[in-house]
Each structure stands twice: as structure tokens, then as C-alpha cells.
Amino acid sequence: MAAVVAAAADLSLIAYGDVVAGCEQCALSQTRTQVVFGSGSPTAELMFVGEAPGFHEDKQGVPFVGAAGKLLGKLLEGIGMTRDDVYVSNVLKCRPPGNRDPLPEEIQACEGHLFRQIELIQPKLVATLGNFATKLLSGKPAGITQVHGREQQVVLGGNPVTLYPIFHPAAALYTPRMLQVLEEDFRRIPELLGREAAPPPPPAAPLYAPEPAAPVEHPVQLGLF
Ligand code: SF4
């Protein structure tokens with residue numbers, strides 16, 4: 001029965017993704033390679049919402065595939081989960097040129113897609129990564145530095161949802177203190193999902209070792225902090 005429900009949810013989400021793939025509701029449709037709709041389980045209890053696709057995401061059509069995506073995978077591993085257990089998406093489904101911050105009119109044009117995704121997936125917990133997702137889904141102006149790690153009860157897509165703002169992994173890539181805070185906030189996710197926490201990882205290896213710097217074609221977005 002659960003498999004039937006999952007299959008139906010998957011179909012609805014795929015069908016909606018097909019619709020969004022042709023979206024031209026804002027000017028980003030002119031510069032994108034493709035729409036980056038989202039990826040993961042269509043019945044996930046835990047959903048992550050980031051800001052917008054970057055260079056690699058735009059090329060591959062999948063969210064969080066660059067360095068920030070690798071860090072997200074490591075953080076999930078640390079709490080006994082994988083990308084297949086969760087759903088990952090962004091406020092904007094198309095890449096802003098040069099990875100600039102989303103414009104208010106772009107967020108306004110695209111937010112309906114995100115709300116529909118949440119309505120179809122019905123997650124229990126939505127972790128907002130960084131400022132843009134946090135402000136949009138909380139409906140409040142408080143920035144991520146102020147509210148990270150503090151869950152809020154909201155209604156999204158017609159369902160009660162726990163909103164959990166945390167730093168964007170891209171912001172933690174080059175700032176050890178921010179990575180530490182992100183790890184601490186991440187460790188509360190099992191509790192917020194009502195699950196047993198995973199056993200702590202062995203202490204020897206660092207959770208994330210930054211890779212050598214690549215040529216800058218996708219600069220870090222300051223709006224993430
Ligand atoms: S960013 Fe959103 S609203 Fe704009 S074209 Fe892409 S899918 Fe449509």
C-alpha cells in the first residue's frame with residue numbers, strides 16, 4: 001500500500017516537473033540551460049530548500065551537485081540518511097546569471113512552483129538553507145544568522161510543517177566556524193523528525209575537507225549568509 005502511495009506521489013511530482021520544465025514566467029528562462037526542478041524521494045519527510053541552481057546544477061539539471069551538494073551529502077551521512085531519503089529543491093528553479101542573488105520579481109514568479117512541490121510531497125520538516133528560502137517560507141524578514149537552528153511551526157501547501165532554518169552549505173564551505181554551526185544544527189534533525197539519532201561518526205576524519213580551489217565560474221553568493 002505504501003508503495004502504491006509512493007508511486008502515485010512520484011507520478012504527480014514528475015507530471016508537475018514536466019510542466020515546470022517549460023516555464024517562462026520570468027526572464028531567467030532566457031538564460032538558463034534547463035529548469036532544475038528538484039530531486040529525491042517524492043514522499044520524503046525531510047525536504048531541503050536552497051536558493052537557486054548554480055553553474056553545475058544548470059548544466060546537469062539536478063540541485064546541489066557541486067561542492068555544496070557534496071557537503072550536504074556528508075552532513076546527511078552523519079545523521080544516518082542519504083539524498084534518496086530526502087527531497088532537495090530551491091526557491092528558484094533556474095540559474096541567475098553569474099550566480100547573482102535572486103531578484104524579488106523572480107522569487108515572486110517562481111514561488112508557486114515551490115509551494116506546489118511542498119503540497120505534493122507533504123514533508124514533516126522543511127529545512128531552509130540560507131536567507132532566501134528562510135525568509136520566503138517563514139514569511140518573516142529575520143535573516144538566517146538570527147534564526148538558524150530554531151524551528152518554527154508554519155503551514156505550507158495546506159499542511160502543518162516544522163520549518164527549520166539552517167545555514168546554506170555553500171556558506172560553510174570556506175568558513176570553519178559556520179561549518180561547525182551547520183553541523184550542530186544538522187544534528188538536531190533526527191530529533192525534529194521524531195527519530196533515533198544516528199551514532200556519532202568516528203572522530204578521526206574531518207566531516208568535510210575542502211577541495212583545491214577551482215577556476216571561479218560560479219562565485220560564492222553573499223546572500224547565503
Ligand atoms: S525561475 Fe521559476 S518562474 Fe522563472 S522561468 Fe524558471 S521556473 Fe519559471
Checklist outcome for this item: Matching residues in the stretch 18-48 (out of contact with any Phe, Trp or Tyr (no Cβ under 9 Å at 6 or more places or on another chain) and assigned to a strand (DSSP E or B)) number 0
Checklist outcome for this item: Exactly one of Val36, Val49, Val19 is aliphatic (A, V, I, L, M), crowded, with 19+ Cβ neighbours inside 10 Å and more than 25 Å from Leu192 (Cβ to Cβ), and that residue is Val36
Next on the checklist: Just the residues that are surrounded by 20 or more Cβ atoms within 10 Å (Cβ to Cβ) and touching a Leu at 6+ places or on another chain (Cβ under 7 Å), please, taken from the stretch 128-141.
Outcome noted: Thr128, Gly130, Asn131, Leu137
Next on the checklist: When you check Ser29 against the structure, is it at pLDDT 95 or above and under 23 Å from Gln122 (Cα atoms), yes or no?
Outcome noted: no
Checklist entry - Can you spot a residue in the stretch 136-157 that is under 15 Å from the mean Cα position of the chain (by Cα), under 24 Å from Ser12 (Cβ atoms) and of a type outside the set (Phe, Trp, Tyr)? => result yes
Checklist entry - Looking at the stretch 66-75, is at least one residue among the basic types (Lys, Arg) and closer than 22 Å to Ile118 by Cα? => result no
Next on the checklist: Return the residues of the stretch 20-39 that are of a type in the set (Ser, Thr, Tyr) and more than 9 Å from the ligand (Cβ to nearest atom); say none if nothing qualifies.
Outcome noted: Thr31, Thr33, Ser39
Next on the checklist: So Pro102 passes all but one of these: (1) closer than 19 Å to Glu24 by Cα; (2) in a strand (DSSP E or B). Which condition number does it fail?
Outcome noted: (2)
Checklist entry - Could we say that Arg195 is in a loop (DSSP other than H, G, I, E, B), at negative phi, without any contact (Cβ under 8 Å) to a residue 12 or more places away in the chain and surrounded by fewer than 22 Cβ atoms within 10 Å (Cβ to Cβ) here? => result yes
Next on the checklist: Just to be sure before I move on: is Leu103 in contact (Cβ under 8 Å) with a residue 24 or more places away in the chain and within 25 Å of Pro165 (Cβ to Cβ) in the structure I sent?
Outcome noted: no
Checklist entry - Before we move on, is Pro141 in a loop (DSSP other than H, G, I, E, B) and farther than 21 Å from Asn99 by Cα? => result yes
Next on the checklist: Given the condition over 14 Å from Ala52 (Cβ atoms), polar (S, T, N, Q), under 15 Å from the mean Cα position of the chain (by Cα) and surrounded by fewer than 20 Cβ atoms within 10 Å (Cβ to Cβ), answer yes or no: does some residue in the stretch 77-86 qualify?
Outcome noted: yes
Checklist outcome for this item: Apart from one, (1) more than 9 Å from the ligand (Cβ to nearest atom); (2) out of contact with any Asp or Glu (no Cβ under 8 Å at 6 or more places or on another chain) all hold for Gly78; the odd one out is (2)
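The values are calculated or read from the model by the stated rules, or taken from the named source; none is laboratory data. Please read all numbers here as calculations on a predicted model, not as lab measurements. Heads up, the Cβs are rebuilt from the backbone with ideal geometry, glycines too, and the neighbour counts pull from every protein chain shown.
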